[in-house]
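Below you'll find the structure, written out as structure tokens, and then a few comments.
The values are calculated or read from the model by the stated rules, or taken from the named source; none is laboratory data. Remember, it's a predicted structure, so these values are computed and weren't measured experimentally. Counting neighbours? That spans all protein chains shown, and the Cβs are built from the backbone with ideal geometry, glycine included. Please note that ligands, DNA and RNA were not included when accessible areas were found on the heavy atoms of the full protein model with its side chains. Shrake-Rupley method; radii C 1.70, N 1.55, O 1.52, S 1.80 Å.
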Amino acid sequence: MSDTGVRLDSDVRRVPVLAGSRIALVPVGDDDVVLAPPPPPEQVADVPASVRDALRFPLSGPTLEQAAPAGGRATIVVEHPALPYPEPQLDPRPQALAAAIDELERCGIRDERVTILVAGGLERRSGQRELERLLPPPRARSFRGRVLTHDAEHPELVPLVSAARLNRALVETDLVLTVGAAETVLHGGPGTLLAACDSATLRAVAGAESLVEAGGAPEWRRALEVEEALGRVVPVVGVSLVLDLPRLTGTYRGYPHDPETVKHAARSPFRRVFGRLPGFLRRDVLERQARRVAVIAAFGGSPSVAHAEALLRGVDLRGLRLDEPVDALVVGAPWMGQHLPRERANPVSAASSALGLALRLYRNAFPIRENGTVVVVHPLARSFEHGAGDPYSVMFNALRTARDGDEVDVAEASAGTDARSLDAYRAGEACHPLLPYADWAGCGPALSRIGRVVVAGCRDAIAARTLGFVPSHGIGSALEMAHGVAGGKARIGVLLAPPYAPILVG
């Protein structure tokens, strides 16, 4: 095996990856690369203390105490905790939010003067159940401020900069405080403010080339424009957490970074029994697997500065190393989509997880050679949740019937103004009708660099061909295609995921 990734014994010829709600075994050769994240780094023991220190000793700008007017109003902006993915049961972000509220009270802003704005972008608006999880239960019961869920179609969004319109709670206040985790360029920091903008602004930033490289990216510049414009109206302070990847805590604790756990999972007889279970039982078992995510560090200052430092630190500590791009990369896609609330993956959301998320978490260079092959391991079945999945069903049918990209653009414009779909979004019954198109746009950077996408274990050839992919019954035939395209022998990379770690190339 290559020096990159996990080191496996010579007798280990197959490695397990998640394929929807099943576990597939991928054969590996001597020249192939098994890509796995590093072991857990050193973690923060006291999350509230780290948040307090970040706000009292910022990297740039004033401290929270200097920016917060005593007796004034404050708006705390948080995002949906959609990333990291899959969702951990033990999440430190509620503790961080509670610590931020306590710091505001220490600075003279009581919690009844605090508004928590949940900026969910184009995702389905949070319901009461999700809002109750923003804070630890005791703190949630004692909180006396307001909790608002952003509505990207609200008629009273405030024009601020270059046609971007923001939630009014960000303007009608004396202080804005962002609290979140630096997961990607657009998740955390100024991206949190961007997630509180109008739908057109959100749709326009969906096609970032890399999600972990900010320099020169127009999407990052757009987020900075929003932060700077808001900073001219009201003081803006941020705290950004560096989170570890979600780590399993049960029987398979150590997957995917520990070679012994990988070997145990590949040889476990439970895999065969698990594969024979009905789909709903397999999904239930997977969702019950305990995961936790820990805080590695916390940074304060202006949202962009704190976020940039946290993102750099997180990518370096969580990233896996790849010495050079591979000819083909095997990527498993899980049983659920990457957005909140979690729903069963459909063809578009499964493609978005593999191509729009996993393959955009790279730094320095794209991890696959030009015109290479991506093998997505997923059944790709057309399973659209009734009601909540309607926007994805409409978008998929548009892709299926469109003769060219112009017709897809027309369908997107129609979806973005469809009154029934917008009413469902505003009522919290479905995502915004533009979210599926944003997900598909996120696949564009990877699709423009590779030659083909082969879907291993595909159970719906029509769905695969609708997306322009090549269906394949099994992983063996998919790898044969990759070898054939490469001239007989391809250098294969196998990404042990989820969770998806940043890929540092070269």
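Once both labels are modelled 7 Å past Cα along the beta-carbon direction, what's the Thr249-Asn364 spacing in nm?
Label at Thr249, label at Asn364, 3.4 nm between them.
Under a point spin-label approximation (7 Å from Cα along Cα-to-Cβ), what is the Arg420-Ala163 distance to one decimal in nm?
Here the answer is 2.9 nm between the modelled labels.
Quick one: which residues, 5+ away or cross-chain, put their amide H under 5 Å from the amide H of Glu343? H built at 1.01 Å from N.
Here Gly337 satisfy the definition.
When Rg and Dmax of the Cα atoms in Å is calculated directly from the model, which label among (i) 25.0, 90; (ii) 22.3, 71; (iii) 27.3, 90 fits?
Computed from these coordinates, Rg and Dmax of the Cα atoms in Å corresponds to label (ii).
Could you rank the peptides 108-119, 63-74 by their average count of other C-beta atoms within 10 Å per residue, with the highest value first?
Sorting 108-119, 63-74 by mean packing, highest first, produces 108-119, 63-74.
Among 190-201, 408-419, how do they line up by average Cβ neighbours within 10 Å per residue, starting with the highest?
Highest-to-lowest ranking by the protection proxy: 190-201, 408-419.
Accessible area per residue for segment 201-268 in Å², computed with a 1.4 Å probe and the full protein assembly in place, what is it?
Normalised by residue count, the accessible surface of segment 201-268 is 39 Å².
Where in segment 198-299 are there GluC sites (Glu not before Pro) that are in a DSSP coil and have at most 13 other Cβ atoms within 10 angstrom of their Cβ?
Nothing satisfies the criteria.
Mind grabbing the accessible area of Asp102 for me, 1.4 Å probe, Å², rounded to tens?
That residue has around 80 Å² of solvent-accessible surface.
Give me the accessible area per residue for segment 347-506, probe 1.4 Å, as a whole number in Å².
38
Each residue of segment 401-417 in order: what ³J(HN,Hα) in whole Hz does its phi give by Karplus 6.51 cos²θ - 1.76 cosθ + 1.60, θ = phi - 60°, with x for Gly and Pro?
9, 6, 8, 7, x, 5, 5, 5, 4, 5, 5, 5, 4, 5, 5, x, 10
What distance in nm separates the simple spin-label points at Arg403 and Gln66, each placed 7 Å from Cα in the Cβ direction?
Computed distance between label sites Arg403 and Gln66 equals 6.3 nm.
Return the carbon/sulfur percentage of the accessible area of the chain, one whole number, probe 1.4 Å, all protein chains in place.
After summing per-atom areas, the C and S share lands at 50 percent.
At what distance in angstrom do the alpha carbon centres of segment 358-407 and segment 174-204 lie from each other?
The distance from the Cα centre of segment 358-407 to that of segment 174-204 comes to 24 Å.
Could you work out the relative contact order of the chain? I mean the mean sequence separation of Cα pairs under 8 Å and 6+ apart, divided by the number of residues, in percent.
22
Taking only protein heavy atoms into account and a 1.4 Å probe, give the accessible area per residue of segment 46-186 in Å².
Roughly 41 Å² per residue, with all protein chains present.
Over segment 285-391, what is the relative contact order in whole percent, taking alpha-carbon pairs under 8 Å and six or more residues apart?
Rounded, it is 28 percent for segment 285-391.
Order Tyr85, Tyr252 by their accessible area, 1.4 angstrom probe, all chains in place, largest first.
Highest to lowest solvent-accessible surface, that is Tyr252, Tyr85.
Would you mind checking the tilt of helix 475-485 against the longest principal axis of the Cα atoms of the chain, expressed as 0 to 90 degrees and rounded to 10?
80
For a quick check: with amide H placed at 1.01 Å from N, whose amide H comes under 5 Å from Val470's, ignoring anything fewer than 5 positions away on the same chain?
Val453, Val454, Val455
Which residues' amide hydrogens lie under 5 Å from the amide hydrogen of Leu148, considering only partners 5 or more residues apart or on another chain, with H built in the peptide plane?
Correct list: Ile116, Leu117, Val118.
Along segment 343-349, what does the Karplus equation 6.51 cos²θ - 1.76 cosθ + 1.60 (θ = phi - 60°) give for ³J(HN,Hα), rounded to whole Hz, x for Gly and Pro?
Values, residue by residue: 9, 4, 5, 10, x, 6, 5 Hz.
So, in Å, what gap is there between the alpha-carbon centers of segment 453-506 and segment 18-69?
Answer, in whole Å: 28.
Taking 0.36 nm per residue of separation and subtracting the Cα-Cα distance, what length does fully extending Arg221 through Gln89 add?
Stretched out fully, the Arg221 to Gln89 stretch lengthens by 44.2 nm.
Compare the Cα positions of Leu329, His386, Ala415 along the charge dipole of segment 326-415 (+1 at Cβ of Lys, Arg; -1 at Cβ of Asp, Glu; about the Cα centre) and return the one farthest towards the positive end.
Checking the options against the dipole of segment 326-415, the answer is Leu329.
When the expected Rg is taken as 2.2 N^0.38 Å, what fraction or multiple of it is the alpha-carbon Rg of segment 32-187?
1.13
With +1 on the Cβ of every Lys and Arg and -1 on the Cβ of every Asp and Glu, and nothing else charged, how large is the dipole of segment 154-227 about its Cα centre, in debye rounded to the nearest 20?
160
With point charges of +1 on the Cβ of Lys and Arg and -1 on the Cβ of Asp and Glu, referenced to the Cα centre of segment 194-340, which listed residue (Val239, His264, Gly215) lies farthest in the positive direction of the dipole?
Of Val239, His264, Gly215, it is His264.
So what is the 222 nm mean residue ellipticity for the chain from helices alone, if each DSSP H run of at least 4 adds -39500 (n - 2.57) and you divide by all residues, rounding to the nearest 500 deg cm²/dmol?
The helix-only estimate for the chain comes to -9500 deg cm²/dmol at 222 nm.
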